[in-house]
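K.L.:
Next up is a structure, given as structure tokens.
The values are calculated or read from the model by the stated rules, or taken from the named source; none is laboratory data. What you are looking at is a predicted structure, and each value in this text was computed from that prediction instead of being measured. Glycine gets a Cβ as well: all are built from the backbone with ideal geometry, and neighbour counts include every protein chain shown. What goes into the accessible areas is simple: the full protein's heavy atoms, side chains included, and nothing from ligands, DNA or RNA. Shrake-Rupley method; radii C 1.70, N 1.55, O 1.52, S 1.80 Å.
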Amino acid sequence: METKRGRNQIFIKWLYYRIGEFSFDIMGFYVILLKINSKGEILKKKKVIRKKSFWFKIYCGFAKLVRKKTKFVYLGQEFTNQSLILSNHVGASGPLSFELYHEKTFRYWGAHEMNGHFHEVYRYLSNIYFTEKKHWKKWIAKIVAFFATPFCYLFYRGLKLIPTYHDGRLRKALDTSYQTLNEGQSVVIFPEKSEHGYFDHLTGFHAGFTLLLKYCYARGMDLPIYLAYYDHKSHIHLVDKPVLYSEIKDKFATKEDMAKYFCDRCNALGDMIAENKIS
């Protein structure tokens, strides 16, 4: 009797095991089917390329009513569809210049707080942007942030920013940026050091953009780098001649040296505008 019961228990365990194996096989086959289209081709990852939604186009249309038009001046060729663009920030003026008055659609790096919830955007504006970067008094910053947050929150949502971090989560920003570039859309980064405010003469560049250049190059993507300077007085966005990463990557001992080179060149572009040395 015990022997028969033991056999039944062994059979039941074996049956559960086989059912489990079969379930995993079915699940795996189902996942494979999800990745294959009707032609038998393996589907690609979900696209991350940004397209302006209808509501955001209307939003930008209203924004143009209060922002003077930007004139883009190129010392070389215009932006290609797969490039890295570096520019000074000038508060919100730099991003607005690209978004409102350039015919191409870009993806931008932005502080992760900008991609946060409504209250996180308010804290970013009141505690960081208006106080540390714009040097406003705390009580004024809080009042202005209260009214500005709804508009900024919508603007950040429309931009679909690539959030950046100061820790290991930056890897996700690199992955998303690479996929965006691979899909044929340029990425704009504002590497200006603005911890103490925004200045006409830039004090330095953060070197995070060099990690993206290296990341892409290791995967066979030699990015052209466009450097731009926006002058908020003349509303001119001066764009330098592009340079390939492969042409400059061995000229600098550290990524900080490369960042300094581009910062100095960006200031030189600003001087060209100030001295009216552009046509």
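K.L.:
Where in the range 201-279 are the helices (runs of 4 or more DSSP H), entirely inside, with at least 3 residues that are in contact with a Phe, Trp or Tyr (Cβ under 6 Å, 6 or more places away or on another chain), closer than 21 Å to Leu75 by Cβ and at pLDDT 95 or above? So that I can check it myself, show each step before the final result.
P.N.:
Numbers: elements: 208-217, 245-248, 255-274.
Passing ranges, in order: 255-274.
K.L.:
Filter the range 250-279 down to the residues that are among the β-branched types (Val, Ile, Thr), surrounded by fewer than 16 Cβ atoms within 10 Å (Cβ to Cβ) and within 18 Å of Asp200 (Cα to Cα) and list them by number.
P.N.:
The first filter runs over the range 250-279 and keeps only residues among the β-branched types (Val, Ile, Thr), leaving 254, 273, 278.
With surrounded by fewer than 16 Cβ atoms within 10 Å (Cβ to Cβ) added as a condition, the list becomes 254, 278.
Listed by number, the list holds a single entry, Ile278.
K.L.:
Restricting to the range 161-184, name every residue that is assigned to a loop (DSSP other than H, G, I, E, B) and either surrounded by fewer than 17 Cβ atoms within 10 Å (Cβ to Cβ) or free of Cβ contacts under 8 Å to residues at least 40 places away in the same chain (or both). So that I can check it myself, show each step before the final result.
P.N.:
In the first step, residues of the range 161-184 are kept if they are assigned to a loop (DSSP other than H, G, I, E, B); the result is 161, 165-169, 183-184.
Within the range 161-184, Tyr165, His166, Asp167, Gly168, Arg169, Glu183, Gly184 qualify.
K.L.:
Scan the range 195-203 and give yes if some residue there is open to solvent by less than 30 Å² (accessible area, probe 1.4 Å) and within 24 Å of Lys255 (Cα to Cα), otherwise no. Let's see the steps before the verdict.
P.N.:
If we filter the range 195-203 for residues that are open to solvent by less than 30 Å² (accessible area, probe 1.4 Å), which is where we start, we get 197, 202.
Within this subset, residues satisfying the condition of being within 24 Å of Lys255 (Cα to Cα) are 197, 202.
Yes.
K.L.:
Same structure again: Regarding the range 235-244, can at least one residue be identified that is within 23 Å of the chain's Cα centre (by Cα) and without any contact (Cβ under 8 Å) to a residue 60 or more places away in the chain?
P.N.:
yes
K.L.:
Additional query: For the range 64-79: of the residues being touching a residue at least 40 places away in the same chain (Cβ under 8 Å) and in contact with a helix residue (DSSP H, G or I) (Cβ under 9 Å, 6 or more places away or on another chain), which is most open to solvent (accessible area, probe 1.4 Å)?
P.N.:
Lys69
K.L.:
Can you give me the number of residues within the range 80-99 that are of a type outside the set (Ser, Thr, Tyr), in contact (Cβ under 8 Å) with a residue 24 or more places away in the chain and open to solvent by 10 Å² or more (accessible area, probe 1.4 Å)? Lay out the reasoning, then the answer.
P.N.:
Quick first cut of the range 80-99, residues of a type outside the set (Ser, Thr, Tyr) only: 81-82, 84-86, 88-92, 94-96, 98-99.
In the following step, the residues that additionally are in contact (Cβ under 8 Å) with a residue 24 or more places away in the chain were identified as 81-82, 84-86, 88-91, 94-96, 98-99.
Within this subset, residues satisfying the condition of being open to solvent by 10 Å² or more (accessible area, probe 1.4 Å) are 81-82, 89-90, 95-96.
Matching residues across the range 80-99 total 6.
K.L.:
Within the range 111-125, is there a residue that is surrounded by 15 or more Cβ atoms within 10 Å (Cβ to Cβ), part of a strand (DSSP E or B), modelled with pLDDT under 95 and touching a Ser or Thr at 6+ places or on another chain (Cβ under 7 Å)?
P.N.:
Yes, that holds for at least one residue.
K.L.:
Just one of the numbered conditions (1) touching a helix residue (DSSP H, G or I) at 6+ places or on another chain (Cβ under 7 Å); (2) open to solvent by less than 20 Å² (accessible area, probe 1.4 Å) is not true of Phe209; which one?
P.N.:
So Phe209 meets the others, but not (1).
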